[in-house]
Amino acid sequence: MGNAQEKPPGSGGGGPSPDQATAGMRRRSGGSMRKPPTEKGVANGSQKERSPAGGQEDQDRPAVDTSYLDAPAGALPPHLARFKNEGNHLFKHGQFGDALEKYSQAIDGCAEAGIDSPEDLCILYSNRAACYLKDGSSAECIQDCTKALELQPYSLKALLRRAMAYESLERYRKAYVDYKTVLQLDTGVQAAHDSVHRITKMLIEQDGPEWREKLPGIPTVPLSVQQQHRDRPVSAEVAQARAARAVQEEGQRKEARFTLLKQEGNDLVKKSQFQAALEKYSECLTLKPEECAVYTNRTICLLKLNRFEEAKHDCDSALQLDPANKKAFYRRALAHKGLQDYLSASSDLQEVLQLDPNVREAEQELEVVTSLLRQSLMDSTAHTPRV
């Protein structure tokens, strides 16, 4: 997590990191911080670990890799970079209290050394805010995020973490403003979209139709800053999150289009405009080819247009999706009747009545089909020459 500010929050990946603290927010009771691990262990790796019995660990046991501690961290000197890197490592492994201590040591070290690096300090404050957020210390999270934003205005992660902390304290107006500012920087942050939608409902219930007038002013992010965010290299996690959002949005668009087409088809059937309705249902099936109800609806149009073979195929498709669909059996019986296959029609109608003995239309149609079947048998017998 070398430069923690470069990755947008809420992205997936391996284990959690301070930059992923915004992906989920759970408040905890208690919230007391644990003591940081001794420098003998993870921090410098210079001391050999002791076994519970007091002796040295087996020499064959592989050494713990601590090379990450010496990775560069912006403009921080090596001893402060180690604090930051260890904080990142601890946060990734869920040790939020210990990570907080390391970030605090790095922040204090910058003050003592007179280091003036707004970008690095912004990252440290933002990362420590992520620890506070994970620990349920929302007020402290807000303080650190505000410090980070004083150093680097429009820091996306600091804004998002502060918004989540405000929301946890039910300070919905301030949360709304920060979430909307985040979306000016990156419209792909799904957590911000979801939260704006959720908080809008709360504010409408709380403040009524005039809720917007009670909001603090939403700052306008300069276009140059927006462009800087867009031009930054996208990490694999961010690309994955954006791709998932694109898939979700495409699914929503398809669902809306499908619902509209189906309703238009239904309205056209009521007006007896069967050819037009058939086209609407056919378009529906290009969007959702496994929607059983559309097959049975399209069958109505095909029957009315005397396209019995196609109607039968649509009923077959519906029954593959739903083997106990009464409408599909009934309408396939009508298709068989149109094709003068009275035996198959009779079989389908009996299937309907077996599923539901109270379908009056099936009883009446079965009487008609039985009569037609009897007549066709008689005609067949009359035209069969005697040997």
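The values are calculated or read from the model by the stated rules, or taken from the named source; none is laboratory data. Here the structure is a predicted model, which is why all the values come from computation and not from measurement. A quick note on method: Cβ atoms are made from the backbone with ideal geometry, for glycine too, and the neighbour counts reach across all protein chains shown.
Within the range 90-100, can you find the residues that are outside any loop (DSSP other than H, G, I, E, B) and surrounded by fewer than 21 Cβ atoms within 10 Å (Cβ to Cβ)? If you could, list the steps in order and put the result at the bottom.
Going through the range 90-100, the residues outside any loop (DSSP other than H, G, I, E, B) turn out to be 90-92, 96-100.
Within the range 90-100, Lys92, Gly97 qualify.
Could you tell me which residue of the range 272-292 is surrounded by the most Cβ atoms within 10 Å (Cβ to Cβ), considering only residues that are without any contact (Cβ under 8 Å) to a residue 24 or more places away in the chain and not hydroxyl-bearing (Ser, Thr, Tyr)?
Among residues in the range 272-292 that are without any contact (Cβ under 8 Å) to a residue 24 or more places away in the chain and not hydroxyl-bearing (Ser, Thr, Tyr), the one surrounded by the most Cβ atoms within 10 Å (Cβ to Cβ) is Lys280.
What are the pairs with Cβ atoms under 7 angstrom where one residue, in the range 249-271, is modelled with pLDDT of 95 or more and the other, located anywhere, is of a type in the set (Ser, Thr, Tyr) and surrounded by 11 or more Cβ atoms within 10 Å (Cβ to Cβ)? Sequence gap at least six, or different chains.
Gly265/Tyr281
Can you tell which of Ser371, Ser376 is surrounded by fewer than 19 Cβ atoms within 10 Å (Cβ to Cβ), free of Cβ contacts under 8 Å to residues at least 12 places away in the same chain, in the same structural domain as Tyr281 (by TED's automatic domain parsing) and farther than 28 Å from Gln275 by Cβ? Outline the logic, then answer.
On the way: Ser376 fails: free of Cβ contacts under 8 Å to residues at least 12 places away in the same chain.
The match here is Ser371.
Can you go through Ala192, Ala165, Ala129 and tell me which one is crowded, with 21+ Cβ neighbours inside 10 Å, within 29 Å of Lys84 (Cβ to Cβ) and modelled with pLDDT under 95? Steps first, answer last, please.
Numbers: Ala165 fails: modelled with pLDDT under 95; Ala129 fails: modelled with pLDDT under 95.
Residue meeting the stated conditions: Ala192.
Which residues, taken from the range 299-356, are assigned to a loop (DSSP other than H, G, I, E, B) and either free of Cβ contacts under 8 Å to residues at least 24 places away in the same chain or within 28 Å of Leu377 (Cβ to Cβ) (or both)? Give the derivation first.
To start, the set of residues in the range 299-356 that are assigned to a loop (DSSP other than H, G, I, E, B) comprises 305-307, 322-325, 339-341, 356.
Across the range 299-356, the qualifying residues are Asn306, Arg307, Pro323, Leu339, Gln340, Asp341.
Those residues that are among the aromatic types (Phe, Trp, Tyr) and in contact with a Pro (Cβ under 6 Å, 6 or more places away or on another chain), I need them from the range 82-102; list them, please.
In the first step, residues of the range 82-102 are kept if they are among the aromatic types (Phe, Trp, Tyr); the result is 83, 91, 96.
Residue satisfying the conditions is Phe91 alone.
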